[in-house]
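The values are calculated or read from the model by the stated rules, or taken from the named source; none is laboratory data. Bear in mind that the values here come from a model prediction, so they are computed numbers and not experimental data. Cβ: placed from backbone, ideal geometry, glycine included. Neighbour counts: every protein chain shown.
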Amino acid sequence: MEAASDPPGGGPRPNLTRVRTPRSVGESAIKVLLFVAALISVATTVGIVVSLAAETIEFFSQVGIFEYLLGTKWTPLAGGDQKSFGVLPLISGTLYLTALGLIVAVPLGLGSAVYLAEYASPRARRVIKPVLELLAGIPTIVLGYFALTFITPVLLQGILGIEVQIFNALSAGLALGVLILPVVATLADDSLRAVPASLREGAFGLGASKPQVVLRVVFPAALSGIVAGLVLAASRAIGETVVVLVAGGASANLGIDPRESFQNMAAFIAQTARGDIAAQSVEFLTIFAVGTTLFVMTLILNAISIRFVRRFQQVYE
Amino acid sequence: MKQVTERPESSSEGRSAESAAGAGPVPAGTQTGNGRTTGPGTDPAAAGGGTAKPSLDTPPVFEIENLNVRYGDKLAVHDVSFGIEERRITALIGASGCGKSTFIRSLNRMNDLIPSATVDGSVRYHGQDLYASEVDAVLVRKRIGMVFQKPNPFPKSIYDNIAFGPRVLGMDGDMDEIVERALRRGALWDEVKDRLKTNAFGMSGGQQQRLCIARALATDPDVILMDEPASALDPISTGRIEDLMFELKERVSIVIVTHNMQQAARVSDMTAFFTVVVDEASGHRHGEVVEYDETEKVFTNPSDERTEAYVTGRVG
Amino acid sequence: MSVAEAPVARAVVRGASSGARVREILFPAALLMCIAFAMLALVVLLVDVAVDGIPVLSADFLTRFPSQIFPERSGIQSALVGTLLLMAVCAVFIVPVGTATAIYLEEYADNNRWWNRLIEVNIQNLAAVPSIVYGILGLAFLVRGPLELGRVVLAGALTLGLLVLPVVIIVGREAIRAVPSSIREGSMALGATQWQTIWKQILPGALPGIATGVILALSRAIGETAPLIVVGAAAFARFNPNDLTNDPFSALPIQILAWVQDPQDEFRALAAGAILVLLFLLLLMNAGAIYLRNRFEQKW
């Protein structure tokens with residue numbers, strides 16, 4: 001303001017020196033406050049690790065680590081001599097159910113993504129995208145209900161005539177497939193659309209047909225992004241609780257017959273936490289040991305996914 | 001982050017004494033350590049740095065000495081030294097990538113917003129080093145306004161665009177009056193007085209740019225920096241902005257980056273020519289000032305052949 | 001080219017092109033089938049739930065308390081109230097914390113500092129942690145342990161809040177990033193401080209996006225079952241929680257789970273009815289998000 005009223009010919013030296021006003025103190029305080037808010041997410045991770053580690057260590061003071069990791073019988077809630085803490089059936093059950101889900105979701109999800117990215121008109125996209133989002137937004141308890149009341153009795157036992165148990169891996173696996181299909185489709189669609197148009201045009205210029213361009217040029221170019229999406233989808237399936245709890249049943253099964261009942265780690269945790277067990281009992285501690293196992297598995301998968309995403313970004317940025 | 005190679009030059013008492021002295025021509029503080037005044041005229045040191053000497057007889061608003069700007073470890077502007085005079089229009093010309101924009105953004109510390117940018121050397125504004133540790137960049141920008149290449153009105157009404165600056169600076173007075181005065185000075189009042197409450201995004205590009213100039217004027221700055229203000233505009237809008245600059249220079253100093261040499265020749269009193277220098281060893285490119293002089297001299301009788309090549313259109 | 005060769009060449013060309021043409025039709029057709037399957041799954045699911053659930057829907061269903069013995073006198077009042085309370089408290093937690101974190105990471109954090117990179121990687125990782133693990137965190141730290149809140153709404157809401165916080169942060173950051181830097185520069189060049197620039201220019205521009213992120217987060221939280229199981233939400237609650245820190249609470253997904261697992265068909269129908277209520281709430285939230293996006297989104 002003063003500058004404007006000064007006569008021409010050199011103004012007074014302006015004072016630009018920083019002074020501590022309430023406003024400048026406020027600015028610094030706000031920055032600190034925002035930083036503290038950002039730390040809450042770090043505290044969450046620390047909290048998860050601490051809560052898991054403390055009780056897991058306690059668990060391993062009562063159960064041998066090799067008995068846990070290598071044992072093939074998982075009956076921690078049984079009475080007396082029947083108790084056994086071999087986690088392998090839970091891990092294999094988790095992977096088995098995830099594999100079933102992926103068998104459903106990978107071809108269907110990728111097919112949907114390729115159609116969306118390469119063939120769909122803008123209008124078709126505007127219809128299909130929201131449907132996928134809607135599917136992605138269905139709560140998993142609803143998928144569990146669907147598996148138990150439709151997939152098992154109507155689809156598997158009825159239409160397909162497969163003699164499955166009431167709780168079975170096939171039904172839970174199909175529901176998991178429906179659960180992660182939108183994840184696969186959405187992430188693959190993003191990766192495909194990130195492939196530069198010049199690459200497509202180059203291939204078309206060489207006389208390639210559209211399926212050739214899509215399969216041999218665009219798809220390979222988007223592969224690392226697609227794989228990252230698949231890994232993420234797999235980690236969703238590995239960590240899923242309710243679908244398996246409702247449709248998969250409660251037996252830790254080391255077998256491979258999809259008509260039988262299977263349980264995964266997350267469903268075991270939920271089932272045990274719901275039960276009436278004493279705190280600090282070894283049954284209670286299994287929640288944390290299995291939780292740690294699950295947490296580590298998803299962490300590794302996520303690290304793999306992030307690595308793939310990085311590689312993907314390097315190519316086109 | 002900022003590396004400032006500046007000695008403490010005057011005590012705070014000295015400073016307040018100068019302020020009290022009022023409108024002296026060149027405050028004592030502009031006397032630099034090696035005993036020369038850095039005003040225009042005679043500057044052997046600057047000439048040694050490849051910089052010619054300005055000659056108009058007005059006090060400097062900026063004295064730039066050995067300024068280097070880096071992005072990360074990449075040098076963008078190298079060893080720039082010259083003085084920018086008060087209440088004149090100073091044009092910065094040169095080919096793309098020669099550091100003009102980087103340089104002009106170092107005059108109001110807009111480069112602070114780029115985390116990797118570091119500045120050394122000194123930029124003195126009315127004798128005070130802008131990069132001294134005790135200087136508040138917010139106070140700097142309050143006095144040194146800026147207009148950008150692309151018009152960047154806020155997504156608010158015309159009125160709120162103008163009032164934003166005065167409001168955040170806590171200026172008192174009747175806001176309606178402040179807004180009207182700024183719009184009049186920006187030569188926009190007659191066009192928009194009936195739709196002050198409408199969204200600024202509905203204006204034409206030229207109007208938006210004049211709004212941005214009026215917005216900068218609303219806080220009564222002492223200097224306005226313009227980074228290619230007309231490059232996105234049609235010739236008529238460009239002409240209006242040039243007319244506006246002539247009116248404004250009675251009260252403010254203007255520094256303008258432009259690609260358009262006719263524009264530089266038309267509007268400016270002084271011209272600095274920047275060029276790209278390729279470091280032979282590393283292959284890195286950075287900008288340097290080749291020549292700084294009265295505009296007429298730069299365009300009719302340049303002393304450096306690179307300037308001549310550029311202004312006659314042989315390169316660039 | 002001789003006359004004799006010409007028909008052969010033409011035949012070859014035609015053969016190749018008709019084979020290619022078949023592939024060019026079959027390939028997208030197969031892809032379309034994939035999408036059709038996804039859509040079919042959604043439709044069958046919704047029909048399955050609707051057929052079972054619509055008959056039990058009534059005003060009484062909403063206002064009665066659940067029963068383990070008499071399906072015909074059962075309702076979802078306590079579960080519905082519990083869910084609404086959970087969402088309200090969850091929103092109060094995630095809106096400030098999520099927005100503040102997004103602002104910090106976009107506007108203040110210097111990525112050359114290891115702690116800022118740590119925060120960022122950490123949020124990416126948190127987004128992939130299974131929800132049941134958040135339940136364990138809630139059990140160990142909120143229900144028991146340091147905070148010892150007990151099995152109350154506050155503990156459940158905070159657990160869900162931590163679970164969906166990454167969603168708010170990630171979407172919020174995108175919204176902030178979408179505000180062009182020219183706005184930031186324009187504001188700073190007028191002498192506005194960093195916070196004035198954020199508060200008066202960037203946040204208003206990013207608000208629709210942030211709100212969408214919050215709704216997205218809440219619509220994820222409202223359907224979460226696993227963490228609430230571990231935290232100890234009750235099924236068949238005979239009363240509503242009167243306050244957030246003392247009373248036990250129920251929630252729709254928990255009540256649905258309890259009914260789904262009951263072998264009696266009448267109870268399964270109640271589960272379907274409750275699912276319809278849950279889906280309706282979800283629909284409401286998504287409609288809200290779409291409305292916000294269309295009505296307030298700033299075109300730059």
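Among C:A226, C:A235, C:A178, C:A206, which is the only one that is within 11 Å of chain A (Cβ to nearest Cβ) and touching a Gly at 6+ places or on another chain (Cβ under 9 Å)?
Residue meeting the stated conditions: C:A226.
Within the range A:61-81, can you find the residues that are touching a residue at least 12 places away in the same chain (Cβ under 8 Å), part of a helix (DSSP H, G or I) and either among the hydroxyl-bearing types (S, T, Y) or surrounded by 15 or more Cβ atoms within 10 Å (Cβ to Cβ) (or both)?
A:Y68
Look through C:G161, C:G135 and report the one residue that is within 21 Å of A:A54 (Cβ to Cβ), in the same structural domain as C:S67 (by TED's automatic domain parsing) and not aliphatic (A, V, I, L, M). Talk me through it step by step, then tell me what you get.
Details: C:G161 fails: within 21 Å of A:A54 (Cβ to Cβ).
Step by step, each of C:G161, C:G135 is checked, and only C:G135 is within 21 Å of A:A54 (Cβ to Cβ), in the same structural domain as C:S67 (by TED's automatic domain parsing) and not aliphatic (A, V, I, L, M).
Give the range C:93-130 a look and list any residue that's closer than 29 Å to A:I287 by Cβ, touching a residue at least 12 places away in the same chain (Cβ under 8 Å) and more than 7 Å from chain A (Cβ to nearest Cβ), or say none.
C:F93, C:I94, C:G98, C:A127
So, restricting to strands (runs of 3 or more DSSP E) that lie completely within the range B:249-316, which ones have at least 1 residues that are touching a His at 6+ places or on another chain (Cβ under 9 Å)? Reasoning before the result, please.
On the way: elements: B:253-257, B:270-278, B:285-294.
Ranges flagged: B:270-278, B:285-294.
A quick yes/no check of all residues on (1) over 21 Å from A:A267 (Cβ atoms); (2) at pLDDT 95 or above:
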residue: C:I169; (1), (2): yes, yes
residue: C:G172; (1), (2): yes, yes
residue: C:S182; (1), (2): yes, no
residue: C:P204; (1), (2): yes, no
residue: C:L228; (1), (2): no, yes
residue: C:L244; (1), (2): yes, no
residue: C:P248; (1), (2): yes, no
residue: C:F267; (1), (2): no, no
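Looking only at residues in the range C:108-137 that are among the hydrophobic types (A, V, I, L, M, F, W, C) and surrounded by fewer than 19 Cβ atoms within 10 Å (Cβ to Cβ), which one is farthest from the chain's Cα centre (by Cα)?
Within the range C:108-137, the match that is farthest from the chain's Cα centre (by Cα) is C:W114.
Select from the range A:211-228 the residues that are within 17 Å of C:C34 (Cβ to Cβ) and of a type outside the set (G, A, S) and write down the one among them that is surrounded by the fewest Cβ atoms within 10 Å (Cβ to Cβ).
Ranking the candidates gives A:L215 first.
Against the condition closer than 30 Å to A:P139 by Cβ, within 11 Å of chain C (Cβ to nearest Cβ) and buried (at least 23 other Cβ atoms within 10 Å of the Cβ), how does A:A270 come out, does it pass? Walk me through it before giving the result.
Values: closer than 30 Å to A:P139 by Cβ: yes; within 11 Å of chain C (Cβ to nearest Cβ): yes; buried (at least 23 other Cβ atoms within 10 Å of the Cβ): yes.
Yes, satisfied.
If we scan the range A:145-168, do we find a residue that is part of a helix (DSSP H, G or I), facing chain C (nearest Cβ under 8 Å) and among the small types (G, A, S)?
So far as the range A:145-168 goes, no, none of its residues is part of a helix (DSSP H, G or I), facing chain C (nearest Cβ under 8 Å) and among the small types (G, A, S).
Keeping to the range B:179-199, report how many residues are surrounded by fewer than 23 Cβ atoms within 10 Å (Cβ to Cβ) and within 13 Å of chain C (Cβ to nearest Cβ).
1
Only one residue in B:D227, B:D222 is buried (at least 18 other Cβ atoms within 10 Å of the Cβ), closer than 17 Å to B:Q263 by Cα, touching a residue at least 60 places away in the same chain (Cβ under 8 Å) and of a type in the set (D, E, K, R), so which one is that?
B:D227
Which of the residues spanning the range A:107-141 are within 29 Å of C:L228 (Cβ to Cβ) and under 18 Å from the mean Cα position of the chain (by Cα)?
A:G109, A:L132, A:E133, A:L134, A:L135, A:A136, A:G137, A:I138, A:P139, A:T140, A:I141
Among C:L86, C:L40, C:L139, C:L80, which is the only one that is assigned to a helix (DSSP H, G or I), facing chain A (nearest Cβ under 9 Å) and aliphatic (A, V, I, L, M)?
On the way: C:L86 fails: facing chain A (nearest Cβ under 9 Å); C:L40 fails: facing chain A (nearest Cβ under 9 Å); C:L80 fails: facing chain A (nearest Cβ under 9 Å).
The match here is C:L139.
Which is assigned to a helix (DSSP H, G or I), touching a helix residue (DSSP H, G or I) at 6+ places or on another chain (Cβ under 6 Å), within 11 Å of chain C (Cβ to nearest Cβ) and surrounded by fewer than 23 Cβ atoms within 10 Å (Cβ to Cβ), of A:V244, A:V231?
After ruling out the rest, the residue left standing is A:V231.
Evaluate the following for B:G145: is it at positive phi and touching a residue at least 40 places away in the same chain (Cβ under 8 Å)?
Considered against the rule, which asks whether it is at positive phi and touching a residue at least 40 places away in the same chain (Cβ under 8 Å), B:G145 comes out as no.
Only one of these conditions is not met by A:F262: (1) within 11 Å of chain C (Cβ to nearest Cβ); (2) of a type in the set (F, W, Y); (3) not in a helix (DSSP H, G or I). Which number is it?
(1)
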